[in-house]
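Engineer: I have a structure I would like to understand better, so I am pasting it below and will then ask my questions one at a time.
The values are calculated or read from the model by the stated rules, or taken from the named source; none is laboratory data. Just so you know, these numbers come straight off a predicted model, no measurement behind them. Cβ sites come from the backbone with ideal geometry, for glycine too, and all protein chains shown count toward neighbours.
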Amino acid sequence: MPSLPELDKNNIPTHVAIIMDGNGRWAQDRGLPRVMGHKAGVKSVNAIVRAAGELGVKVLTLYAFSTENWNRPPVEVQTLMSLLKSYLEKELESLVKNDVSLRCTGQKEKLPQEVQKVLNQVIARTSLNKGLILNLALSYGSRNEITMAARCLAQKCCAGEIAVEDISEEVFSEHLYTAGLADPDLLIRTGGEHRLSNFLLWQASYSELYITNTRWPDFDKDHLIDALIDYQDRQRRFGKTTEQVLVKES
Ligand code: IPE
Ligand code: IPE
Ligand code: MG
């Protein structure tokens, strides 16, 4: 029997981004209301945050709420916001203990005041931590992010703070919510849909994509390891030829 491929501890992606999808279907399959799927999904968040740190991932971006998700039924939006608040309250001490540093990517100001308050507290309490960066994408949409960056740069040009010809890819990146973070190496989507749903359109230009039918509440450390093993089997060419990449590796 061929042996199963093993995880190479020396080739762990620096930045893993996850579209945590499939909560609603997970619940509906069990005859439960959709919100029960979101509740179950919180357990997966805890498991994957812990596992990512243990496996040596440096940045974990979790897509938790999109700009379009505001259009869901109000009860579902309220449940998601209250789950977010209670997650942050409950996990604060464990994030501190595990040296996790929390960041937020998205329209933080659109979140309910009480969520913003606890989010800011957790960000402040964990800001000096040196372990895993947990980057929560909240009220996040790439088109909004890119539009805001363009607007900010246009204002700086008008004010004479930056010259048009100085707007480079690097400068543009520094005006996105993810400023300072390396681009994701691996982008995982649970729940089986083959689309980006407005997630990291700029940053994922060269991310390796991994789509699994496993729904988010069922996604655990073993599933994450499967995704990492799959990633390790890819050849990242960044536009070059296989031969060029092999020469560089040898
Ligand atoms: C992802 O699960 C969670 C959020 C978008 C907030 P869904 O709620 O989209 O679950 P499905 O895709 O309907 O199963
Ligand atoms: C993407 O899932 C957003 C999050 C996981 C937070 P959706 O369920 O909102 O995406 P679509 O609507 O299927 O594209
Ligand atoms: Mg969905």
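Engineer: Answer yes or no as to whether ILE211 is surrounded by 13 or more Cβ atoms within 10 Å (Cβ to Cβ), farther than 15 Å from PRO13 by Cα and of a type in the set (Val, Ile, Thr).
Structural biologist: For ILE211, the condition - surrounded by 13 or more Cβ atoms within 10 Å (Cβ to Cβ), farther than 15 Å from PRO13 by Cα and of a type in the set (Val, Ile, Thr) - is met.
Engineer: Hey, can you tell me all the residues within the stretch 169-189 that are assigned to a loop (DSSP other than H, G, I, E, B) and charged (D, E, K, R)?
Structural biologist: Those that are assigned to a loop (DSSP other than H, G, I, E, B) and charged (D, E, K, R): GLU174, ASP183, ASP185.
Engineer: Continuing with the same structure: From the list THR105, THR147, which residue is hydroxyl-bearing (Ser, Thr, Tyr) and in contact with a Phe, Trp or Tyr (Cβ under 6 Å, 6 or more places away or on another chain)?
Structural biologist: Going through THR105, THR147 in turn, the sole match is THR105.
Engineer: Now for a different question. Test of understanding: among GLU54, GLU91, GLU68, which residue is farther than 22 Å from LEU200 by Cα, surrounded by fewer than 17 Cβ atoms within 10 Å (Cβ to Cβ) and either modelled with pLDDT under 95 or out of contact with any Ser or Thr (no Cβ under 7 Å at 6 or more places or on another chain) (or both)?
Structural biologist: GLU54
Engineer: So, in the stretch 147-185, exactly how many residues are in contact with a Pro (Cβ under 7 Å, 6 or more places away or on another chain) and within 16 Å of ligand 2 (Cβ to nearest atom)?
Structural biologist: Matching residues across the stretch 147-185 total 0.
Engineer: Pairs, please: C-beta under 8 Å, at least 6 apart or cross-chain, first residue farther than 22 Å from GLN107 by Cβ and in the stretch 148-176, second β-branched (Val, Ile, Thr) and in a helix (DSSP H, G or I)?
Structural biologist: Taking only residues 6 or more apart or on different chains, the pairs are CYS157/VAL164; ILE162/VAL171.
Engineer: Quick one: THR14 ticks every box in (1) under 15 Å from ILE188 (Cα atoms); (2) within 16 Å of ligand 3 (Cβ to nearest atom); (3) of a type in the set (Val, Ile, Thr) bar one, so which box is it?
Structural biologist: The one condition THR14 does not meet is (2).
Engineer: With the condition kept exactly as written, say whether any residue in the stretch 208-222 is part of a helix (DSSP H, G or I), under 22 Å from GLY22 (Cα atoms) and touching a Leu at 6+ places or on another chain (Cβ under 9 Å).
Structural biologist: yes
Engineer: I would also like to ask the following. Within the stretch 186-195, take every residue that is within 12 Å of the chain's Cα centre (by Cα) and not β-branched (Val, Ile, Thr) and give me the one that is nearest to ligand 2 (Cβ to nearest atom).
Structural biologist: Filtering first and then ranking leaves ARG189.
Engineer: Name the one entry in VAL45, VAL75, VAL57 that is β-branched (Val, Ile, Thr), away from ligand 3 (no atom under 16 Å from the Cβ), closer than 30 Å to TYR231 by Cβ and in contact (Cβ under 8 Å) with a residue 24 or more places away in the chain.
Structural biologist: Only one candidate passes the filter, namely VAL57.
Engineer: Give GLY192, GLY131, GLY160 a once-over and let me know the one that is in contact with a helix residue (DSSP H, G or I) (Cβ under 7 Å, 6 or more places away or on another chain), modelled with pLDDT of 95 or more and in a loop (DSSP other than H, G, I, E, B).
Structural biologist: GLY131
Engineer: Find all pairs meeting these conditions: Cβ atoms under 7 angstrom apart; at least six residues apart or on different chains; first residue within the stretch 221-236 and farther than 18 Å from GLY41 by Cα; second residue among the acidic types (Asp, Glu) and assigned to a loop (DSSP other than H, G, I, E, B).
Structural biologist: Short answer, once both residue conditions are applied: GLN232/ASP8.
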